[in-house]
Structures are given as structure tokens and as C-alpha cells.
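What follows is a short report on a single structure.
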Amino acid sequence: MTDIAVIGAGIAGLVCAQQLKQAGYSVVVVEKSRGLGGRLATRRLYGTLADHGACYLKPKGELLGRFVEILCDRHILEVWTDEVYELTADAPLSEPKNRSPRYVAPGGMSAIAKSLAPGLEILLNQRVVAITPTPENSWRLTLESSNEELFAKAIVVAIPAPQAVMLLESLGESGLDAAFLDNLRSVEFYPSISAIAGYPSTSQPLPQWKALTFVDDIDLAWIGLDSSKRSNPQQPHFVVQSSADFAQRHLESQDLQPAGQYMLQRAAESLSLPWLSTPEWMQVHRWRYAFPSRPWHEAFLSDGTPLPLICCGDWCGGNLVEGAMLSGLAAADEINHQLHHLPLDNVNFLNVFT
Ligand SMILES: Cc1cc2nc3c(=O)[nH]c(=O)nc-3n(C[C@H](O)[C@H](O)[C@H](O)COP(=O)(O)OP(=O)(O)OC[C@H]3O[C@@H](n4cnc5c(N)ncnc54)[C@H](O)[C@@H]3O)c2cc1C
């Protein structure tokens with residue numbers, strides 16, 4: 001029996017787990033993938049790394065600002081660029097008017113999540129497939145691959161709301177509040193498709209920008225020269241992100257290669273860089289739940305039943321990595337409130353770095 005099981009090792013789950021662990025609770029994090037970070041995702045391919053999820057951090061508030069500062073001191077993060085160009089139809093490529101630093105991890109954005117792992121018990125490759133209350137007033141978590149079970153006094157569900165619905169719906173009859181499930185169902189996400197493409201090192205002169213937003217393109221949202229985040233890149237590679245509309249149209253495609261090829265073709269035409277359409281290699285990734293389109297308006301969602309169960313993530317209250325972190329912290333506070341009321345005043349997940 002553990003005090004708290006956190007489902008999902010994205011940034012929200014890890015911040016929450018680290019905060020609770022430092023307060024003195026026993027915590028287990030369960031993650032379905034083989035690595036940490038969720039949408040803070042990095043792929044190792046063709047002798048390099050590429051961030052096919054979150055591309056950079058742009059701190060707005062104090063919490064992310066402090067976190068970024070610490071990770072810069074530890075050489076996990078560094079400034080990549082302070083300008084993201086914008087391309088609008090029928091207008092020449094424009095330099096950004098507002099500049100602010102964008103931080104990236106040369107070792108891949110998933111390194112940000114890994115930095116929060118020390119001291120945590122994390123089960124990887126373990127998808128939670130069912131949650132049920134036990135007569136002993138605890139939660140039972142059933143794990144898919146091992147057919148094992150975990151028991152916890154409280155659960156934090158730190159996964160996108162539509163996935164949380166799939167997990168929790170069957171609990172409806174055994175005590176979950178109907179309003180809670182309705183609130184969870186009300187949250188919606190945009191999908192996105194990311195294409196990672198590598199080019200010969202002898203490629204034509206690279207563009208002057210490192211990152212560019214397609215302001216009103218129906219198919220494309222963003223492109224970045226991802227290789228410029230790495231030290232000593234052997235060849236240039238780009239990451240292109242689709243628009244939500246484009247991703248929606250291709251969401252169920254078995255083979256995503258044609259969609260990726262089309263995205264490169266579109267980028268090549270829009271940017272007048274014809275060689276972009278003929279990469280040496282390309283990999284495509286589908287994000288079914290990329291960005292919240294209808295978020296929940298508070299920093300966490302609680303079922304309000306005696307056995308604590310709290311949902312959190314970027315879809316609660318804010319968005320992006322910063323919103324996910326704030327939501328993870330708010331969930332930790334609420335779990336503490338519902339369990340022991342341990343003093344959290346001097347507890348700070350950032351103490352993991354001291
Ligand atoms: C293409 C793209 C680009 C982005 N760009 C940026 C950016 O530039 N800057 C920025 O700040 N943000 C960006 N974001 C958003 C940012 O990545 C997210 O807001 C943030 O990472 C969300 O964190 P989270 O912890 O809420 O959820 P997630 O990262 O989705 O974590 C949820 C975790 O739960 C796991 N999981 C799900 N179901 C189960 C289950 N049943 N059992 C066990 N584990 C489970 C998943 O595998 C995942 O690891 C981008 C996102 C995408 C997709």
C-alpha cells in the first residue's frame with residue numbers, strides 16, 4: 001500500500017509526485033510509455049535527437065522562470081533563440097516585433113522531465129487499465145502488461161482528460177460523481193501531426209530563422225530547425241507541426257508517411273525552399289491529444305468522494321508546460337488537504353535540485 005499513485009509521468013504528474021514525495025508521502029508514478037515526459041517528447045533517430053512534442057519553454061510566471069533558471073545553471077537548458085518568425089499569406093516573411101528567449105534542452109526536451117525523477121519510484125511501460133475502490137478504503141490500480149495490481153490511499157490522474165474519461169468511466173457505478181464525469185467529458189483537445197525530416201549536410205544554405213509560425217496556413221502551424229538545438233549536428237533536420245485541421249483529417253490514417261510528405265511539400269512551397277520537400281529521411285508522429293481546445297477552468301478536477309482522486313494536467317486552468325506544472329502543484333496541495341494536512345509551507349519540488 002502506497003499513499004499516492006500518480007498516473008502519468010508527464011510534467012504535471014512528475015511535479016505533483018515530487019512535491020508530495022518531498023512533503024513526506026510515499027508515492028508511485030505509473031507511466032505507460034518507456035520514457036518520461038509525455039508530450040515533452042524527444043526521439044532518438046539517425047544519430048541525432050529531435051523534439052517532436054514541446055519545442056521550447058517560454059516562461060511567463062515565476063514558477064517556470066525559477067525552474068528554467070535552475071535547469072540553465074545545470075546546463076540542461078539554454079537559450080535557443082529569442083525570435084520566432086511569422087509567415088502570413090500574401091505578406092513577406094516578417095521578423096518578430098517582440099523578442100523573448102525560448103529555452104531548449106540540447107539533450108532533448110524530455111531531459112526536463114528526467115530532471116524531476118530523482119528519488120521517485122516510477123514504473124515505466126505500465127499502462128493503468130482500471131481503477132477500483134476496495135472495501136478497505138483504498139484504490140486498486142490494475143496494470144496492463146504485468147497484470148499486477150497496486151494499492152494506494154489516493155490517486156492523481158495526470159493524463160489528458162479524454163484518456164482519463166476512458167479510464168474512469170467504468171467507475172461510474174461504483175461511486176464516482178456524475179457531475180465529475182460530465183466535467184471531465186467536457187474537456188476537448190486539438191490533435192497535431194509532427195514530421196521530423198533530415199537533409200544531406202551539403203544542403204542548400206539554411207534559412208535565417210530557427211523557428212517560424214505559419215499564422216494562417218490551413219495545413220501547417222510551425223516549423224523549427226531542430227538540429228540547431230544540438231551541439232555539433234551532423235546534418236540539418238527540421239520538425240514541422242501541422243494545423244489542428246490537417247491533423248484531424250489524417251488522424252485515423254494507417255500510414256502517416258504521405259501526410260508527412262505533404263506537410264514538407266507545403267512548407268517547401270510557402271517558404272520558397274524547394275529542397276525541403278526531398279528529405280534524406282523522415283519520421284511522422286501523431287498526437288491525438290496535443291493542445292487543450294476546451295480546457296477545464298480550474299487548476300485541478302476533483303471527484304469529491306471520500307477516497308481522494310484528483311485529475312490534473314495542461315488542460316486544467318492553463319496550458320502548455322507552465323500550465324501543466326501549476327496544475328500538478330495544485331493537485332498536490334489538494335491531495336495533501338484531503339489526506340493528512342502535512343505542512344507544505346517549506347516543501348518545494350525544486351528542492352530536488354539542492
Ligand atoms: C506538437 C506539440 C508541441 C508543443 N509545443 C509546446 C511548446 O513549445 N511549449 C510548451 O510549453 N508546450 C508545448 N506543448 C504542450 C506541452 O507539451 C504540454 O502542455 C505538456 O507537456 C503537458 O504535460 P502533461 O503532464 O499535462 O501531459 P502529458 O505530457 O500528456 O503526460 C501524460 C502522461 O500520461 C501517460 N499516460 C496516459 N495514459 C496513461 C495510462 N492509462 N497509464 C499510464 N500512463 C498513462 C502518457 O504516456 C504521458 O506520459 C506542445 C505539445 C505538442 C503535442
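Each value in this text was obtained by applying a stated rule to the coordinates, not by laboratory testing. Predicted, not measured: the structure shown is a model, and the values here were computed from it. Quick reminder, even Gly has a Cβ in these numbers, built from the backbone with ideal geometry, and neighbours come from all protein chains shown.
Things worth noting here:
- Calculated SAXS-style log₁₀ I(q)/I(0) at q = 0.09 Å⁻¹ - the chain, Debye, Cα scatterers: -0.51
- With Cα atoms, 0 to 90° folded angle of helix 11-23 axis to the chain main axis: 40 degrees
- Where N is the number of residues in the stretch 66-219, Cα Rg divided by 2.2 N^0.38 Å: 1.51
- Stokes-Einstein diffusion coefficient of the stretch 307-354, Kirkwood radius over Cα pairs, 20 °C, 1.002 mPa s, in µm²/s: 184 µm²/s
- Considering only Leu77, Ser100, Thr134, the residue lying farthest towards the positive end of the dipole of the stretch 1-152 is Leu77, judged by Cα position with unit charges set on Cβ.
- The stretch between Glu298 and Gln234 holds 18.5 nm of extra length on full extension. This uses 0.36 nm per residue minus the Cα-Cα distance.
- For Ser26, the residues whose modelled amide H falls within less than 5 Å of its own, excluding neighbours fewer than 5 places apart on the same chain, are Asp3, Ile4.
- Coarse-grained scattering of the stretch 90-175 at q = 0.13, 0.19, 0.22 Å⁻¹, given as base-10 log I(q)/I(0) from a Debye sum over alpha-carbon atoms: -0.65, -1.02, -1.21
- Protection proxy ranking, peptides 61-70, 249-258, average beta carbon neighbours within 10 Å, highest first: 61-70, 249-258
- For the stretch 56-123, the share of alpha carbon pairs falling in successive 5 Å distance bins from zero is 3, 15, 20, 19, 14, 11, 8, 5, 3, 1, 1 percent.
- Dimensionless Rg ratio for the stretch 176-231, taking C-alpha atoms and the 2.2 N^0.38 Å reference: 1.90
- Burial order of peptide ranges 101-113, 288-300, 340-352 (average beta-carbon count within 10 Å, highest first): 101-113, 288-300, 340-352
- Close amide H contacts of Leu77 (hydrogens built in the peptide plane, cut-off under 5 Å, sequence separation of 5 or more or a different chain): Cys72.
- With helices as the sole contributors, the chain gives -7500 deg cm²/dmol at 222 nm; each DSSP H run of n ≥ 4 counts as -39500 (n - 2.57), and the sum is divided by every residue.
- The Rg/Rh ratio of the stretch 251-354, with both radii computed over alpha carbons and Rh defined as the Kirkwood radius, is 1.22.
- Sites matching trypsin sites (Lys or Arg not before Pro) across the stretch 1-58 that sit in DSSP coil, with at most 14 neighbouring C-beta atoms within 10 Å: Arg34
- Extension gain (nm, one decimal) between Lys58 and Thr305, 0.36 nm per residue minus Cα-Cα: 85.2 nm
- For the cross-link pairs Lys58/Lys229; Lys21/Lys153; Lys21/Lys60; Lys32/Lys114; Lys32/Lys60; Lys32/Lys229, the ones whose C-alpha atoms lie over 21 Å apart are Lys21/Lys60; Lys32/Lys60; Lys32/Lys229.
- Site pair Phe151 and Leu342 shows an inter-label distance of 2.1 nm when each label is modelled 7 Å from Cα along Cα→Cβ.
- Qualifying chymotrypsin sites (Phe, Trp or Tyr not before Pro) for the stretch 194-252 [loop in DSSP, other Cβ within 10 Å: at most 15]: none
- Among the trypsin sites (Lys or Arg not before Pro) within the stretch 153-226, not one is in coil by DSSP while having at most 15 neighbouring Cβ atoms inside 10 Å.
- Take every DSSP beta bridge whose two residues both sit in the chain; close to 65 percent of them are antiparallel.
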